[in-house]
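See structure below.
The values are calculated or read from the model by the stated rules, or taken from the named source; none is laboratory data. Source: prediction; values computed, not measured. Cβ: placed from backbone, ideal geometry, glycine included. Neighbour counts: every protein chain shown. For accessibility, only protein heavy atoms count, side chains too; no ligands or nucleic acids. Shrake-Rupley method; radii C 1.70, N 1.55, O 1.52, S 1.80 Å.
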Amino acid sequence: MRLFVAVLVALVGVGLAAVGLSFVLVGLLEQRSAGDMYEVAFQQVGDECRGGHELHLDIENGAPLDCVPSYVIGGSPRVDLPGFTDAQNDEVAALGGQLGSGGLTDAEQRLIQDRVDKIAATVPAADRPRPDSATVWLADAGVWGARRAWLGGGMVVVGIVSTVAAMRMAH
């Protein structure tokens, strides 16, 4: 009977560690994806839009670039960062236009990014975007990104400790 319980505990421990490892990987990927959302991409017209950036600005004039063809959505590109109010989006757009009148230098790009970072820090947690992969019930409970990775790490530790304890119990 003791051996049966030890094997059962070891199987549960290995399963818990395996699920925990997947949580760590998914959580890290989600957190990386969320980190790009408020990072401004500065590029030239015609450059490929890459990453999870929500805002792409033209390095020549500071105007917002549209990464989706206009025939798909319609209208012209505008600053529309998740969780920002219309006034905050307008402020970022005006700053880009003002600083970009003669092309954006590295210092001007940092000024725009700093302003976006300051506004993003005021966005309430409930209004912050979640990555697309965070659509399961755990994400709805607020467990995604770094929290999911930490939870997964805890599961791995508990799984390994329980498996080692089960092996000692079997002897």
> At a probe size of 1.4 Å, how large is the accessible area of Phe4, to the nearest 10 Å²?
Replying inline: 130
>> Could you tell me the ratio Rg/Rh of region 78-118? Both radii from Cα atoms, Rh via Kirkwood.
In response: 0.97
>> Give me the one-decimal nm value for the distance between modelled label points at Val7 and Gln98, 7 Å along each residue's Cα-to-Cβ direction.
In response: 7.3
